[in-house]
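Have a look at the structure below, then the notes.
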Amino acid sequence: MDLRQGIGLRKLGRTTDEFQQDLLSNLYYRRGTTVESASARDAYEALSQTVRDHLAQRRARTAAAQFASNPRWVYYLSAEYLLGAQLEQNLLYSGTGEPAAEAVKALGFSLEDLEDLDVEPGLGNGGLGRLAACLVDSLATRDIPAVGYGIRYDLGIFRQIITENGQTELPDDWAFQGNPWEFPAPDDRQTVGFYGHTEPIAGSTTRKTWVPGEIVLGEPSHMLVPGYGTETVNIVRLWSAKASEASFDLSRFSAGQYAEAVQEAVRAENISKVLYPDDSTELGRELRLKQQYFLVSCSLRDIVRRFRLRNEGWDTFADKTVIQLNDTHPTIAIPELMRLLVDEYEVEWEKAWEITRSTFAYTCHTLLPEALETWPVRMFEKLLPRHLEIIYLINMLFLREVEARFPGDHDRLRRMSIIQEGPERRVRMAHLAVVGTEAVNGVAELHSKLLRETVLDDFAALWPAKFQNVTNGVSPRRFVKLANPRLSDLITEGLGDETWLRDLDRLAGLEPLADDSSFRERWQAIKRANKVDLAAGDPDSLTDVMIKRFHEYKRQQLKVLHVITLYQRIRQNPAADWVPRTVLFAGKAAPAYHAAKDIIRLIATIAARIEADPVVSPHLKVVFPSNYNVTLAERIIPAADLSEQISLAGKEASGTGNMKLALNGAVTIGTLDGANIEIRARVGEDNFFLFGMDAYEAAQARINGYHPRHFYERDEELRAALDTLTSGIFGEVGRRVAASLLDWDEYLTLADFRSYLESQEQVEKTWRDPTRWTRMSILNTAHSGFFSSDRTVADYAARIWRVAPVPVIGED
Ligand code: CRA
């Protein structure tokens with residue numbers, strides 16, 4: 001057999017018999033067990049491997065096709081990926097679901113049993129990490145040659161347990177039992193330096209030698225990222241920190257100093273130990289900066305290695321490479337690429353700068369000033385001395401450019417400098433990211449506009465063409481097809497085929513069906529069945545969900561005030577005709593964010609109190625399932641009637657949960673914030689419950705002097721709700737939350753309270769008319785096709801990356 005002819009592999013079977021044979025061979029040869037003694041884990045591992053083999057064949061063909069076409073590659077650099085569970089997705093994408101179910105049954109298991117063993121890699125926090133996962137899904141679906149780079153944290157986002165005492169955090173050892181989806185690639189390991197000093201190079205003013213004081217190895221492994229309805233399988237490459245052999249101190253070990261012997265190795269490996277180490281100490285902050293550089297250094301060397309396989313000159317680097325920075329976390333990539341080009345490959349500075357600037361693009365995901373990263377110059381100097389020198393030079397040349405455009409405007413120079421002056425000088429990562437890239441984008445229209453008008457206004461004045469918007473999107477495969485199979489079947493039936501899964505605008509074809517009573521009834525029955533599955537409360541109650549990270553700007557506290565008001569209204573008038581509601585909260589708070597954890601605890605306290613109240617509990621229920629993650633989101637979203645998107649306008653950059661919920665037929669109650677605005681514009685004003693100030697009114701309210709007590713005094717129900725909290729019946733935590741609202745209320749909760757309540761009354765009025773509600777629900781789905789991450793990726797490809805698809809031909 002000529003192994004160089006094609007891939008040279010035998011075809012993997014798609015019939016049940018063939019799949020079963022492959023499964024058995026994995027069970028015997030890779031698990032070393034037999035049908036008679038196979039445990040559920042053995043079956044799970046063998047099944048995962050069999051499914052993975054199908055994708056691996058496509059992967060081999062993809063790599064060959066992509067290499068042959070010598071395209072411009074998209075490299076996505078992200079500190080976070082929330083990939084979600086892999087088994088169910090990979091069964092769907094490889095088209096092996098049916099034979100797999102049969103084959104597994106013959107082994108005495110069900111697919112569902114085995115899916116329960118499939119642990120999701122929790123390598124992220126919230127929206128930013130899940131967005132990264134949706135974008136890599138859509139990149140593959142759109143046949144775009146791409147690699148996602150990230151860190152393989154040993155411990156992902158903590159496992160959350162909710163009790164009446166609030167949130168407890170436990171370590172998330174997600175890969176404890178191994179991860180069958182991963183391919184280790186130790187041959188591609190990289191060496192990363194930290195600390196040390198720099199030395200001049202004779203005869204050069206710009207080049208330097210960096211002599212690091214610590215060396216750590218980065219070992220990659222990759223996960224397959226299949227496209228849906230196409231042959232392309234891309235990868236996400238995740239780096240683990242490994243100590244070098246030399247770091248083990250054999251002589252100390254022999255002398256019985258076991259802990260000391262491995263001290264250095266442990267320190268090295270701590271770099272990829274946990275996602276977002278506690279940054280309340282100096283050491284914790286340094287560890288975070290180390291993680292950022294670790295990701296960047298390993299990934300750039302890998303990118304350069306791949307580029308150099310072709311022996312092309314540096315002149316073509318930017319034509320073949322675009323590196324997207326997912327927020328500022330990987331921004332050190334800019335000085336790192338300069339360092340590689342100038343110091344290691346002897347490219348002259350101007351040329352290197354031109355290459356760098358045309359290689360990178362930056363996505364900003366926030367407007368909150370506290371989320372705009374800065375690092376102390378002192379810390380940089382110690383950890384990355386050469387990078388600091390490079391940043392200084394970049395900054396000097398940049399400020400010269402500003403000075404030439406705006407002569408004598410010293411205040412402007414101070415505002416725009418990459419270095420923030422003050423008692424402690426700091427490196428402004430967002431400024432570095434804007435200066436060192438070709439394109440900067442926000443993640444929803446309002447967000448991109450506010451970036452240009454506020455946070456980055458000086459930069460927008462200097463380089464208006466650099467600033468763009470790319471509205472976020474979500475994967476319809478994961479968040480409709482996999483999460484909501486019943487609804488997906490009905491949509492497919494309504495539209496005649498399944499092509500909507502790759503062309504989500506086709507959902508618009510459901511619009512006329514909103515007027516078809518039998519379709520509406522089926523739609524409603526599906527929502528109900530999904531609620532029964534979720535088992536969170538009465539399936540006939542209005543299922544009102546607020547699922548997202550806990551943060552004061554998202555205003556879970558506003559929802560709490562609403563719940564307390566309902567509680568009081570019901571108590572005052574128990575016999576009235578109340579709309580039964582199940583209010584579902586889910587989400588995690590950062591472990592050191594005490595105010596957010598207080599709100600969680602308060603919700604848990606209120607939930608228990610209502611549950612125990614025979615007057616209120618028939619009408620109102622509050623539930624708070626623990627450990628919100630992608631897997632739980634996939635269960636809650638299909639069951640939601642009402643989607644709470646109630647952040648203070650101007651604070652939520654985009655939101656993506658809002659899109660997932662609308663696509664699944666939940667109706668939004670929301671402010672004019674982030675992507676809510678675009679959702680409302682598409683689904684129509686009549687199918688969206690709007691309330692509250694807009695971003696300009698909110699900004700103005702602060703400037704005019706905001707006094708929360710003023711609202712407290714003037715609104716009787718608001719006063720009653722806050723007094724209830726202050727009375728202590730919901731514990732000390734209730735007092736603290738009330739005090740923070742009355743004394744400062746950073747996010748203008750009290751100012752939007754009345755308008756929110758009125759809007760909730762509209763919700764109830766509409767809910768009482770099931771025909772009207774179901775129409776709204778259908779129209780939300782029908783008009784949310786724009787929010788597919790396939791469209792997001794198409795936007796990036798056309799306007800920012802300038803890349804085209806590379807189709808992969810052949811079949812397994
Ligand atoms: N927290 C924004 O706040 C946005 C996502 C993805 C966030 C969300 O509104 O939908 O990014 N920002 O764009 C962020 O992480 C560092 O900033 C988020 O997930």
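Tabulated data for the structure shown
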| read-out | value |
| --- | --- |
| Which listed residue, of Glu120, Glu98, is over 16 Å from Val236 (Cβ atoms) and either of a type outside the set (A, V, I, L, M) or within 16 Å of the ligand (Cβ to nearest atom) (or both) | Glu98 |
| Counted residues, the range 682-729 - those being closer than 28 Å to Ile610 by Cβ and among the small types (Gly, Ala, Ser) | 5 |
| Flag for Tyr81 being crowded, with 24+ Cβ neighbours inside 10 Å, more than 16 Å from the ligand (Cβ to nearest atom) and modelled with pLDDT of 95 or more | no |
| Those residues of the range 299-321 which are in contact with a Lys or Arg (Cβ under 8 Å, 6 or more places away or on another chain), in a helix (DSSP H, G or I) and of a type in the set (Asp, Glu), in sequence order | Asp302, Asp319 |
| Lone unmet requirement of (1) surrounded by 15 or more Cβ atoms within 10 Å (Cβ to Cβ); (2) assigned to a helix (DSSP H, G or I) for Ala739 | (1) |
| Top-ranked residue in the range 265-285 [being out of contact with any Gly (no Cβ under 6 Å at 6 or more places or on another chain) and not in a helix (DSSP H, G or I); ranked as farthest from Phe248 (Cα to Cα)] | Ser280 |
| Qualifying residue in the range 521-542 (condition: away from the ligand (no atom under 16 Å from the Cβ), polar (S, T, N, Q), assigned by TED's automatic domain parsing to the domain that holds Leu742 and in a loop (DSSP other than H, G, I, E, B)) | yes |
| Any helices (runs of 4 or more DSSP H) falling wholly within the range 341-434 and containing at least 3 residues that are assigned by TED's automatic domain parsing to the domain that holds Ser448 and either over 33 Å from the mean Cα position of the chain (by Cα) or within 16 Å of the ligand (Cβ to nearest atom) (or both) | 349-359, 385-405, 410-416 |
| Index of the failed condition, Arg288 passing every other in (1) within 16 Å of the ligand (Cβ to nearest atom); (2) of a type in the set (D, E, K, R); (3) not in a helix (DSSP H, G or I) | (3) |
| Matching residues in the range 608-650 - criterion: being in contact with a Pro (Cβ under 6 Å, 6 or more places away or on another chain) and among the aliphatic types (A, V, I, L, M) | Val615 |
| Residue match in the range 226-244 (condition: of a type outside the set (S, T, N, Q), surrounded by fewer than 17 Cβ atoms within 10 Å (Cβ to Cβ) and within 19 Å of Thr191 (Cα to Cα)) | no |
| Residues being closer than 18 Å to Ser647 by Cβ and either assigned to a strand (DSSP E or B) or aromatic (Phe, Trp, Tyr) (or both) - total across the range 543-578 | 6 |
| Long-range neighbours under 6 Å by Cβ, at least six apart or interchain, first residue within 11 Å of Glu80 (Cα to Cα) within the range 117-131, second among the hydrophobic types (A, V, I, L, M, F, W, C) | Pro121/Leu83; Pro121/Trp174; Gly122/Ile157; Gly122/Trp174; Gly124/Leu82; Asn125/Ile157; Gly129/Leu82; Arg130/Leu82 |
| Residues of the range 448-487 satisfying the condition of being within 24 Å of the chain's Cα centre (by Cα), assigned to a helix (DSSP H, G or I) and either in contact (Cβ under 8 Å) with a residue 12 or more places away in the chain or within 30 Å of Arg415 (Cα to Cα) (or both) | Ser448, Lys449, Leu450, Leu451, Arg452, Pro476, Arg477, Arg478, Phe479, Val480, Lys481, Leu482 |
| Boolean, Val147 is of a type outside the set (S, T, N, Q) and part of a loop (DSSP other than H, G, I, E, B) | no |
| Residue match in the range 579-589 (condition: more than 16 Å from the ligand (Cβ to nearest atom), in a helix (DSSP H, G or I) and of a type in the set (Lys, Arg)) | no |
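The values are calculated or read from the model by the stated rules, or taken from the named source; none is laboratory data. The structure displayed is predicted, hence computed values, not measured ones. Counting neighbours? That spans all protein chains shown, and the Cβs are built from the backbone with ideal geometry, glycine included.
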